[in-house]
1. Within the bounds of region 336-343, is there any residue that is open to solvent by 60 Å² or more (accessible area, probe 1.4 Å), hydrophobic (A, V, I, L, M, F, W, C) and not assigned by TED's automatic domain parsing to the domain that holds Arg464?
2. Go through region 465-479 and give me each residue that's away from ligand 2 (no atom under 16 Å from the Cβ) and either aliphatic (A, V, I, L, M) or modelled with pLDDT under 90 (or both).
3. Just to check your reading of the model, which residue among Ala65, Ala96, Ala83, Ala69 is more than 30 Å from Ser190 (Cα to Cα) and open to solvent by 70 Å² or more (accessible area, probe 1.4 Å)?
4. Could you tell me how many of the residues in region 1-54 are among the β-branched types (Val, Ile, Thr) and not in a helix (DSSP H, G or I)?
5. Residues being in contact (Cβ under 8 Å) with a residue 12 or more places away in the chain and closer than 24 Å to Leu27 by Cα: count how many of those fall in region 214-244.
6. Could you go through region 194-211 and let me know if any residue there is open to solvent by 60 Å² or more (accessible area, probe 1.4 Å) and touching a Pro at 6+ places or on another chain (Cβ under 9 Å).
7. Residue under question is Glu329, and the condition is that it be in the same structural domain as Lys412 (by TED's automatic domain parsing), acidic (Asp, Glu), in a helix (DSSP H, G or I) and open to solvent by 30 Å² or more (accessible area, probe 1.4 Å); does it hold?
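The values are calculated or read from the model by the stated rules, or taken from the named source; none is laboratory data. Predicted, not measured: the structure shown is a model, and the values here were computed from it. Note that we place each Cβ from the backbone using ideal geometry, even for glycine, and neighbour counts take in every protein chain shown. Only protein heavy atoms, including side chains, enter the accessible area calculation; ligands, DNA and RNA are left aside. Shrake-Rupley method; radii C 1.70, N 1.55, O 1.52, S 1.80 Å.
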Amino acid sequence: MESGRRHRFSRRFWAWAGAVSIRTKVLGIVLALVIMLGMGVTIQVRAALLSTLTERLQAQGISIARDVAARSTDLILVNDLYALHQLALETQANNADVRYVFVLDTEGRILAHTFGEGFPMDLLDANTVGPEEHHRGVWLRTDEGLIWDVAVPVFEGQAGVVRVGLSERGMRQTMRAITSQMLLTTGLVSAVGTAAAGLLTWILTRPILSLVDAAKAVERGDLTRRVERWADDEIGDLAEAFNAMTESLERAAQERAERDELRARYVSGVIAAQEEERKRIARELHDGTSQTLTSLLVGLRTLEGTCVREESRQQLEDLRRVAVQTLEEVHDLALRLRPSVLDDLGLPAALGRHISEYNQRHSVKADLVVHGLGEERLPAPVETALYRIVQEALTNVVRHARARHASVLLEKRDGCLRVVVEDDGQGFDVSTVGRDSRHLGLYGIRERAELLGGSVKIESEPGRGTSVFVEIPLDESPSGDGAETERERAPEKGGAA
Ligand SMILES: Nc1ncnc2c1ncn2[C@@H]1O[C@H](COP(=O)(O)OP(=O)(O)OP(=O)(O)O)[C@@H](O)[C@H]1O
Ligand SMILES: [Mg+2]
């Protein structure tokens, strides 16, 4: 219980002490020490001074009163009141601490005093001394402060009593002067200490602050930042370690960038080759296989006309149907490999064709909305990339989504092309995609978009459908027959899409 409280206290203390800067901590420690030392010494000195000065005042009072008593004996005996009065006045004048002197006879009547006109009668009984006593001193509280009143018998009490009052005001003044001197010294030492501590912490924290600065720059991605080694101490070692770390980070970043660049070139080459190959096979199917099949069909029809046997005619009819079906399949295959409409009429038309075939072939119903694109043609690499992206996203809907509807939005806005493919299917956990090397579709979508400087965002949650957002910046250079030029360049660069 007790240790728990102590633990909590120390945690709170460190939370508080840790929240302020090193400079504040050092300044605080220096100031607290100087002020504590100054105050302690001042209090000690004041106490010692008070007791010494009080003792001296008391001794001085006794000695003055005894002196006046000795000198007034004869004057009382010869009843020389004038001289007695002079003696009292002289004694007061000679000592600044003496507030009053008065002499009483044995009956307690006042023989001489220094009060001028009005003698304060209550003073008479404030202090008395017996004849056998040496002296008696008491502290009297008056309007002027404390008065040390000493009574000394004259001629062993046979001639009267001398009373002397000494004020402690002088003593207080001395104490005040010394105290203010000491406080002034404390203040001066505090100021010098603060300045010295400020300089020290500046020297100490400067390299640390420059390290913090550099670390923030590294966090922002500036790996070229280095810090200066200020001194050969621990902070200097830290600076060196920091520089070594940023150097190796920079090297690693450079190597990564080179690797990325190589990979991008490789991927772009592979995609270009793939696109070329698809084009070639599509052309081959169209120009070669389709033509051969068409010739076969024509031949079969001619044969059918000349054939007389019903059985053979039936067989020829069947063969012709097979040939027609094969021709359609070859045509479909050629279209899927590389639709010529993409090259001839552009992306919206090619997507429209693809979606209508998709709707015929699958139970999922897809629709296409195009915004902001007129008759203008887009750069060939962008058209190819977006066509393949939509193709893959729609294939995924059929294969994985169990959706009833899918929609494709193609939009040109703010110098960017956006494509969104959405479905109302079962969705999936996006965070798991990309860990399995067997799934390349979404990876390919991302690759194609990134090769054109674009980005891909996939939003999906199990049970809530999937949306694939693709954004590709458009280089707004004048098009016109530029589109054609792009089209011709497509095989080397366009395939890169
Ligand atoms: N529209 C979608 N609805 C539900 N799940 C999807 C959808 N699209 C992708 N997925 C999930 O993401 C995974 C990765 O898709 P990806 O296209 O990368 O690979 P794949 O389709 O499995 O294989 P392939 O490499 O042939 O495309 C899929 O296996 C599927 O689980
Ligand atoms: Mg896929």
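1. The answer is no; no qualifying residue exists.
2. Ile472, Leu474, Asp475, Glu476, Ser477, Pro478, Ser479
3. Exactly one of Ala65, Ala96, Ala83, Ala69 is more than 30 Å from Ser190 (Cα to Cα) and open to solvent by 70 Å² or more (accessible area, probe 1.4 Å), namely Ala96.
4. The total comes to 1.
5. Residues that pass the stated criteria total 4.
6. Taking every residue of region 194-211 in turn, none turns out to be open to solvent by 60 Å² or more (accessible area, probe 1.4 Å) and touching a Pro at 6+ places or on another chain (Cβ under 9 Å).
7. no
Yes/no per residue for (1) within 16 Å of ligand 1 (Cβ to nearest atom); (2) of a type in the set (S, T, N, Q); (3) within 39 Å of the chain's Cα centre (by Cα); (4) within 29 Å of Ala272 (Cβ to Cβ):
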{"residue": "Gly352", "(1), (2), (3), (4)": "no, no, no, yes"}
{"residue": "Asn359", "(1), (2), (3), (4)": "no, yes, no, no"}
{"residue": "Leu368", "(1), (2), (3), (4)": "no, no, no, yes"}
{"residue": "Val398", "(1), (2), (3), (4)": "yes, no, no, yes"}
